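Heads up: the structure comes next, in structure tokens.
The values are calculated or read from the model by the stated rules, or taken from the named source; none is laboratory data. Given the structure is predicted, the values throughout are model-derived calculations rather than measurements. A quick note on method: Cβ atoms are made from the backbone with ideal geometry, for glycine too, and the neighbour counts reach across all protein chains shown.
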């Protein structure tokens, strides 16, 4: 079972800064231009910590110096009263017309190796981002950005406890999303949340690299100590945003695949080979992403749309007379994984038909991962890349089924929207400090 604990985090002093000007999206979705824009909003924007400037490893020392300076000046202060932080995001989803509010809360979760089956991953990770985050953990001794995990509570047992929060801040970011942060510190509410969630398996929605970095950092600290530390020591806990899978406003979108730099590619040959497994139907030439997405929804599960630079596009729908278990690459996989569109795409189209090895896929040798279908289609038709695969989102129920089967999907298989902001709270990782 996971140990769930309230936070005593470092937080911005809201008498000294406007929270809207110092928060940032997760580090891995911030472009160079985006970083500059965030940094220009306020000298204390958290982007200066999560994406510090500098050559080589000097940037990590700069992050540590910046963090120390902000604490000494009182811009960041310790909140000594334990609490969970309810976090509501009100948004209009991409392509939508009405707003939704996703509710969750910031908490601490004890770290566990995946083999313990307490924290479940659903995607593969890459080594590069983990090395970068580990150096930042080491230099700052903090968990700056929360992960995002899901718990399953159909009875909504903790909703009433989360309603007892005291409002701290409310603001709207440039993307039109309304953010509302409240602190839940009443003892009975805290106890209710801990009691309800501790027995549950948690599923990582976003932040696999950060969680795995936290595990490695904990192991390093334990090795330095020379003995197991107290189970309540801060460095044994990871800061997460927890959301209920039963929330109807929990939304997951697709991440598409833009293929480039294949040494040889012939669309007619691809389609001919694909017909062994898919019903391949050509769509009207030059249609925009909205029409394609409508077609994808009609195709439903077991299908996707392949677009070409010349304006042609084709729907690929799995043939009903084909048994996935008979495919040479899918046969070794459990049914839960075979059932996902993204596995079907990567194994059958990418690896088997286009000859893109699993290693090349993992290294993103020939793949970009756009989330904006319209922008990606425009880029393709302007001559960038060789083909674009537009996909449906993987349902949360299928994501959990894969995780519970002990499997992982290819990287970038999901896109939970909206992203959880960084800068609402910062969790320190001191072995001498205990969580409540």
**Report entry** Subset of the stretch 385-411 that is out of contact with any strand residue (DSSP E or B) (no Cβ under 8 Å at 6 or more places or on another chain) and within 27 Å of residue 291 (Cα to Cα) - its residue that is surrounded by the fewest Cβ atoms within 10 Å (Cβ to Cβ)
**Finding:** 397
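Sort through 200, 181, 167 and tell me the only one that's surrounded by fewer than 18 Cβ atoms within 10 Å (Cβ to Cβ), assigned to a strand (DSSP E or B) and over 19 Å from the mean Cα position of the chain (by Cα).
On the way: 200 fails: assigned to a strand (DSSP E or B); 181 fails: surrounded by fewer than 18 Cβ atoms within 10 Å (Cβ to Cβ).
Of the residues listed, the single one that is surrounded by fewer than 18 Cβ atoms within 10 Å (Cβ to Cβ), assigned to a strand (DSSP E or B) and over 19 Å from the mean Cα position of the chain (by Cα) is 167.
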Query raised in the report: In this structure, is residue 325 assigned by TED's automatic domain parsing to the domain that holds residue 262, surrounded by fewer than 16 Cβ atoms within 10 Å (Cβ to Cβ) and assigned to a helix (DSSP H, G or I)?
Result: yes
Query raised in the report: Is there a residue in the stretch 206-226 that is at pLDDT 95 or above, over 30 Å from the mean Cα position of the chain (by Cα), surrounded by fewer than 21 Cβ atoms within 10 Å (Cβ to Cβ) and not in a loop (DSSP other than H, G, I, E, B)?
Result: no
Report task. Residue by residue through the stretch 377-389, note down the ones that are touching a helix residue (DSSP H, G or I) at 6+ places or on another chain (Cβ under 8 Å) and either at pLDDT 95 or above or not in a helix (DSSP H, G or I) (or both). Result -> 385, 387, 388, 389
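For the stretch 1-101, which fully contained strands (runs of 3 or more DSSP E) count at least 3 residues that are out of contact with any strand residue (DSSP E or B) (no Cβ under 9 Å at 6 or more places or on another chain)? Spell out how you get there, then give the answer.
Details: elements: 10-12, 76-78, 84-91.
Once the strands (runs of 3 or more DSSP E) in the stretch 1-101 are filtered for at least 3 residues that are out of contact with any strand residue (DSSP E or B) (no Cβ under 9 Å at 6 or more places or on another chain), nothing remains.
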Report task. Search the stretch 301-322 for residues being assigned to a loop (DSSP other than H, G, I, E, B) and under 25 Å from the mean Cα position of the chain (by Cα), and hand back the single one that is surrounded by the most Cβ atoms within 10 Å (Cβ to Cβ). Result -> 302
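If you go through the stretch 327-348, how many residues are over 14 Å from residue 398 (Cα atoms) and out of contact with any strand residue (DSSP E or B) (no Cβ under 7 Å at 6 or more places or on another chain)? Even if it seems obvious, please write down each step before you answer.
The initial filter retains those residues of the stretch 327-348 that are over 14 Å from residue 398 (Cα atoms), namely 327-333, 345-348.
When the remaining residues are screened for being out of contact with any strand residue (DSSP E or B) (no Cβ under 7 Å at 6 or more places or on another chain), the result is 327-333, 346-348.
Number of matching residues: 10.
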Report task. Would you check which residues across the stretch 366-383 are in contact with a strand residue (DSSP E or B) (Cβ under 8 Å, 6 or more places away or on another chain) and over 18 Å from residue 266 (Cα atoms) and list them? Result -> 368, 369, 370, 371, 373, 376, 377, 379
Query raised in the report: Assuming residue 412 fulfils every condition listed in (1) part of a helix (DSSP H, G or I); (2) under 25 Å from residue 278 (Cα atoms); (3) outside the structural domain of residue 316 (by TED's automatic domain parsing) apart from one, which condition is it?
Result: (1)
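Yes/no per residue for (1) at pLDDT 90 or above; (2) more than 15 Å from residue 390 (Cβ to Cβ); (3) in a strand (DSSP E or B):
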| position | (1), (2), (3) |
| --- | --- |
| 255 | yes, no, no |
| 271 | yes, yes, no |
| 281 | yes, no, yes |
| 287 | no, no, no |
| 296 | no, no, no |
Report task. Among the residues of the stretch 257-269, count how many are assigned to a helix (DSSP H, G or I) and in contact (Cβ under 8 Å) with a residue 40 or more places away in the chain. Result -> 1
Requested in this report: State whether one or more residues within the stretch 355-365 are farther than 17 Å from residue 415 by Cβ, in a helix (DSSP H, G or I) and touching a strand residue (DSSP E or B) at 6+ places or on another chain (Cβ under 9 Å).
Outcome: yes
